[in-house]
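Where a number appears in this text, it was derived from the coordinates with a stated rule and is not lab data. Keep in mind it's a predicted model, so treat the numbers as computed, not measured. Ideal geometry is used to build each Cβ from the backbone, glycine not excepted, and the neighbour counts take in all protein chains shown.
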Amino acid sequence: MSGIDKLLSAMRANPSTVRFADLVRVLEHSGVGIREGKGSHCVAERGGELYTIKKPPSGQYVHPKTVKHCLQTFGLWDE
């Protein structure tokens, strides 16, 4: 199991402790492009699917609903 697979598994198990950099790392590894939006937002896109992610303040985690919805949008959330 690679580091990305372990990170993705940890995100699925506990989406409330996901850092923004880790979410971006998993998405980029899965072929999702990340571009800067305006202000504190960025946009994840792949094949016409878009998802806006709000960057949390320094030292805080991404909101759990954001993690789950983002991973579901790109087919990375297995239930």
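Assorted remarks:
- Considering each residue of segment 33-43 in turn, none proves to be within 16 Å of TRP77 (Cβ to Cβ) and without any contact (Cβ under 8 Å) to a residue 60 or more places away in the chain.
- Hits in segment 51-74 - residues which are touching a strand residue (DSSP E or B) at 6+ places or on another chain (Cβ under 9 Å) and outside any helix (DSSP H, G or I): TYR51, THR52, ILE53, LYS54, LYS55, VAL62, HIS63, PHE74
- Matching residues, segment 1-41, being of a type in the set (A, V, I, L, M), surrounded by 10 or more Cβ atoms within 10 Å (Cβ to Cβ) and not in a helix (DSSP H, G or I): VAL18, VAL32, ILE34
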